[in-house]
Amino acid sequence: MEHDNRRITLVSRSKSAPERPWSDSRDSPCRLIFVESFGVIPFALTRGVEELGRDVEGVIIDGTATAAEYLHLLSALPAAYAGDVVLIQEHCAFVSATGRGGDRVLYALRPDDVQFYLETKMLTSAARTEAA
């Protein structure tokens, strides 16, 4: 088996989350790892940052956590983790990113912003449009 040097994005999504055209092929610029539940993410981040040499680039939480769980995760992030942490819920979304000086900033996202973010990070392909 060949070693995969791509950066990892962890994705935790609920069964009720909208279908997204995830870029999960071997040719994709990033490696998506879909985890069974939100509870796996803190362990994976700690292990990824400390043992895998910072392979974890981002986290997408698509309908598997409450706002309180998201805030708890943000407050417990390993100090060495500098990647984005995105919470997508039915009617709102937030991204926590590292700002200047290393502090975290929190941004609210609209539905169009979520799609733009996922495409810009090359996590999904462009939205498929249907003829009207």
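Can you name the residue in the stretch 48-65 that is in contact with a strand residue (DSSP E or B) (Cβ under 9 Å, 6 or more places away or on another chain) and over 21 Å from Thr124 (Cβ atoms) and, of all such residues, is modelled with the highest pLDDT?
The first filter runs over the stretch 48-65 and keeps only residues in contact with a strand residue (DSSP E or B) (Cβ under 9 Å, 6 or more places away or on another chain), leaving 48-49, 52, 55-65.
So of that shortlist, the ones also over 21 Å from Thr124 (Cβ atoms) come out as 48-49, 52.
Details: Gly48: 62, Val49: 53, Leu52: 52.
Result: Gly48.
If you go through the stretch 79-107, how many residues are surrounded by fewer than 13 Cβ atoms within 10 Å (Cβ to Cβ) and either under 15 Å from the mean Cα position of the chain (by Cα) or closer than 19 Å to Leu10 by Cα (or both)? Explain how you work it out, then say what you get.
Step one: list which residues in the stretch 79-107 are surrounded by fewer than 13 Cβ atoms within 10 Å (Cβ to Cβ), which gives 79-80, 90-91, 99-103, 105.
From what is left, the residues that are either under 15 Å from the mean Cα position of the chain (by Cα) or closer than 19 Å to Leu10 by Cα (or both) are 79-80.
Number of matching residues: 2.
Restricting attention to the stretch 1-42, report how many residues are under 17 Å from Leu73 (Cα atoms) and modelled with pLDDT under 85.
Looking only at that region, the number is 1.
Report every pair of residues separated by at least 6 positions or lying on different chains whose Cβ atoms are under 6 Å apart, first residue within the stretch 100-118 and among the β-branched types (Val, Ile, Thr), second assigned to a loop (DSSP other than H, G, I, E, B).
Val105/Gly99
Quick one: Ile33 ticks every box in (1) within 21 Å of Ile8 (Cα to Cα); (2) assigned to a loop (DSSP other than H, G, I, E, B) bar one, so which box is it?
(2)
The values are calculated or read from the model by the stated rules, or taken from the named source; none is laboratory data. None of these values were measured; they are calculated from a predicted model. Don't worry about glycine lacking a Cβ; one is built from the backbone with ideal geometry, like all the others, and counts go over all protein chains shown.
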